[in-house]
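Engineer: Quick one: this structure, given as structure tokens, is what I'll be asking you about.
Every number here is computed from the coordinates shown, using simple stated rules; none is lab data. Bear in mind the structure is a predicted one, so any value in this text is a computation, not a measurement. Quick reminder, even Gly has a Cβ in these numbers, built from the backbone with ideal geometry, and neighbours come from all protein chains shown.
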Amino acid sequence: MARAGIREVAERAGVSISTVSNVLNKPGRVSAPTAQRVNDVMNEIGFVRNELARQLRTGGTNMVGTVVLNVANPFFAALLHAIEASAEEAGCVAVFGSSDQLRQREERYLEVFEEQRVKGIMIAPLNGVTPTMRRLRDRGMPMVVFDASSDVDAFCSVALDGRIGGYLAARHLISTGRTHIAFLGGPLRQVEDRWTGALRACAETSGVRLSHIDTVDQTIAEGRAAGEALQRMPAGERPDAVFAANDLLALGLMQSLIVSGSISIPRDIAIIGYDDIDYAQSASLPLSTVRQPVDELAATALSLLLAEIEDGPEHVHRSVALEPELIVRDSTPPAG
């Protein structure tokens, strides 16, 4: 069966083709009764907008694309949900892709979004700015990066100030009397700001040291593996506190230690995470963490992107660092 077209809608509704076009693209120009009649006809005959034709006429879509590292991570899932809500308020349609921390997949999503002529792209890159990102930017694609590192200086960017977040987490552990803090997480490039902040806090207090437990990813499974490794260490060599680069690592670590029963939290090891995902508060032992303001992160990124779309990348260049918040729960003892 042939798909109904705009001409058939106009004939059945008793209006001109231009009126149907206005209903689709500029509804404010059409009276409410006429718009209702046209919409009723479109629903009745199953009319579907020819999006490709509309793109060719208008030079783009109302879609904005977002690429994140891993949609299975509750933090990124919450971020995408917030972006979707902000985009809807702005009259845009949000489309998403997850690189799953694979360079090739990240590149592919960028190419697909350009092919689909999205209005702009927001991205949490795997390892900073890539040649593909610069190439798209040079061709006029508005782009906002969820990253605060120095290599995003040519792009609009928005991120939590991870150096402050790392400092707050480590400073809290030090205030509880901890002297050997292990920073859990990697690849280090992705969490270097949190590591740098923790280093500064430890350097301010004599007798406190910071070590690093590297991970390939930032998952619950990697946290469990770290917990098993800590259990095998002699008690005198174990850290008395762990600052995990995200809550998933911290939760996996806690699960491993609680199941073993050989190490008490927070008596033997205090644990603090990062992000304040929903599971952090509802865990069997509520997790201390550093909260990221997800709604503000999404709204700020979209605002920067829409400004680039409106004024052009050459006229908009802002790097926004949002403030983190320390959340203290049962996985760390009260400050001494």
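Engineer: Give me the dipole magnitude in Debye, nearest 20, for the stretch 162-292 about the Cα centre, with unit charges on the beta carbon: positive for Lys and Arg, negative for Asp and Glu.
Structural biologist: In total the dipole reaches around 340 debye.
Engineer: Between 0 and 90 degrees, rounded to the nearest ten: what's the tilt of helix 220-232 against the longest Cα principal axis of the chain?
Structural biologist: Approximately 10 degrees, to the nearest 10.
Engineer: A further question on this structure: Among DSSP beta bridges lying fully in the chain, give the percent that are antiparallel, nearest 5.
Structural biologist: 10
Engineer: What number, in percent, do you get for the relative contact order of the chain if the mean sequence gap of Cα pairs under 8 Å and at least 6 apart is divided by its residue count?
Structural biologist: Over the chain, the number comes to 16 percent.
Engineer: Right, something else. Using the per-residue mean of other Cβ atoms lying within 10 Å as a proxy for protection, in what order, highest first, do the peptides 157-163, 249-255, 10-16 fall?
Structural biologist: 249-255, 157-163, 10-16
Engineer: Here is a follow-up. How big is Rg to Rh over the stretch 110-267, alpha-carbon atoms, Rh as the Kirkwood inverse-mean-distance radius?
Structural biologist: With Rh from the inverse mean 1/r over Cα pairs, Rg/Rh is 1.09.
Engineer: Taking the Cα centre of the stretch 6-49 as origin and charging only Cβ (+1 Lys, Arg; -1 Asp, Glu), how large is the dipole, in debye to the nearest 20?
Structural biologist: That gives the stretch 6-49 a dipole magnitude of about 200 debye.
Engineer: Using Cα atoms only, what is the angle between the long axis of helix 294-311 and the major principal axis of the chain, expressed in degrees (0 to 90) to the nearest 10?
Structural biologist: Here the helix axis deviates by roughly 40 degrees.
Engineer: Related question: Taking the chain as the reference, fit the longest principal axis to its C-alpha atoms, fit the long axis of helix 247-260 to the helix C-alpha atoms, and give the angle between the two in degrees, 0 to 90, nearest 10.
Structural biologist: That helix lies at roughly 40 degrees to the long axis.
Engineer: Lys/Arg Cβ at +1, Asp/Glu Cβ at -1, dipole of the chain taken about the Cα centre: which of Thr300, Ser264, Gln218 is farthest positive-ward?
Structural biologist: The listed residue farthest towards the positive side: Thr300.
Engineer: Shifting gears a bit: Label points 7 Å out from Cα along the Cβ direction at Ile45 and Ser282: separation in nm?
Structural biologist: If labels sit at Ile45 and Ser282, their model points lie 4.9 nm apart.
Engineer: OK, next. Work from the charge dipole of the chain (Cβ charges, +1 for Lys and Arg, -1 for Asp and Glu, about the Cα centre) and give the residue of Ala35, Ala283, Val71 farthest towards its positive end.
Structural biologist: So the residue we want is Ala35.
Engineer: Now, a different point. Give me the Kirkwood hydrodynamic radius of the stretch 6-49 in Å, from all C-alpha pairs, to one decimal place?
Structural biologist: The answer is 9.9 Å.
Engineer: Using only the Cα atoms of the chain, each taken as one equal point scatterer with no solvent, compute I(q) by the Debye sum, divide by I(0), and report log10 of the ratio at q = 0.06, 0.08, 0.13, 0.14 Å⁻¹.
Structural biologist: So the normalised log intensities work out to -0.30, -0.49, -0.94, -1.04.
Engineer: Another one. Over all pairs of distinct alpha carbons, what does the Kirkwood formula give as the hydrodynamic radius of the stretch 179-304, in Å?
Structural biologist: For the stretch 179-304, inverting the mean 1/r across all distinct Cα pairs yields 15.0 Å.
Engineer: Students often get this wrong: which residues of the stretch 63-99 have the backbone nitrogen under 13 Å from the point 7 angstrom along Cα-to-C-beta of Asn25?
Structural biologist: Output list for this probe position: empty.
Engineer: What does the charge count near Phe183 come to, summing +1 for each Lys or Arg and -1 for each Asp or Glu among other residues with Cβ under 10 Å from its Cβ?
Structural biologist: So the environment of Phe183 carries a net charge of 0.
Engineer: Among Gly223, Gly140, Gly207, which one shows the biggest mean-square fluctuation in a GNM of the chain, springs joining Cα atoms closer than 10 Å?
Structural biologist: Checking each option, the largest mean-square fluctuation is seen for Gly207.
Engineer: Once you keep just the Cα pairs under 8 angstrom separated by 6 or more residues, what percentage relative contact order results for the stretch 6-49?
Structural biologist: About 39 percent, as a whole number.
Engineer: For the chain, with only Lys/Arg (+1) and Asp/Glu (-1) charged at the beta-carbon, what is the dipole magnitude about the Cα centre, in debye rounded to 20?
Structural biologist: So the dipole magnitude of the chain works out to roughly 480 debye.
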